[in-house]
Amino acid sequence: MSTTEKSYICSCHCGAVKAECLLPDAITVQECNCSMCQKLGFQHIIVPTSRFRLIQGADAITTYTFNTGVAKHTFCSRCGVKPFYTPRSNPDGFSVNLRCLETRPPRVTLEPFDGQNWEQHADSLRHLSE
């Protein structure tokens, strides 16, 4: 896999919330089957905090938590779109929604993730925020 990284912008529908993330030109995206991701159509690109920066919209972000409260599900309070959040599996990083990138990396591989059985599989994601 290439180590070349490029800056990508993720945003909500109305554009109030925007963030920048650094990604290689070939990425693997987790497609989770948990109740939250299924309803939202969220496709996970987990990145370390060092490769993520909120550009605008801190004042437009609202946060939802449930269950353990570790995951911080952040949404635009204006349009309701969730371009990124702090995942329970990687609380030291961010999960960016592939569908919210303004442009896509040239090579994207979708990988299924069994979020319905999260406790048995979460450790397989921990390395992604390093």
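A few comments on the model shown:
- Filtered residue count, region 38-57, keeping only those that are touching a residue at least 40 places away in the same chain (Cβ under 8 Å) and assigned to a strand (DSSP E or B): 9
- Taken over region 13-37, the criterion of being at pLDDT 95 or above and farther than 30 Å from N117 by Cβ is satisfied by H13, C14, G15, A16, V17, K18, E20, L22.
- Residues (aliphatic (A, V, I, L, M) and either in contact with a strand residue (DSSP E or B) (Cβ under 6 Å, 6 or more places away or on another chain) or crowded, with 16+ Cβ neighbours inside 10 Å (or both)) located in region 41-66: I45, I46, V47, L54, I55, A60, I61
- Flag for T86 being touching a strand residue (DSSP E or B) at 6+ places or on another chain (Cβ under 7 Å) and either under 20 Å from R126 (Cα atoms) or aromatic (F, W, Y) (or both): yes
- All conditions but one from (1) crowded, with 19+ Cβ neighbours inside 10 Å; (2) closer than 21 Å to E5 by Cα; (3) modelled with pLDDT of 95 or more apply to E102; the one that does not is (1).
The values are calculated or read from the model by the stated rules, or taken from the named source; none is laboratory data. What you see is a predicted model; the values in this text were computed from it and never measured. Note that we place each Cβ from the backbone using ideal geometry, even for glycine, and neighbour counts take in every protein chain shown.
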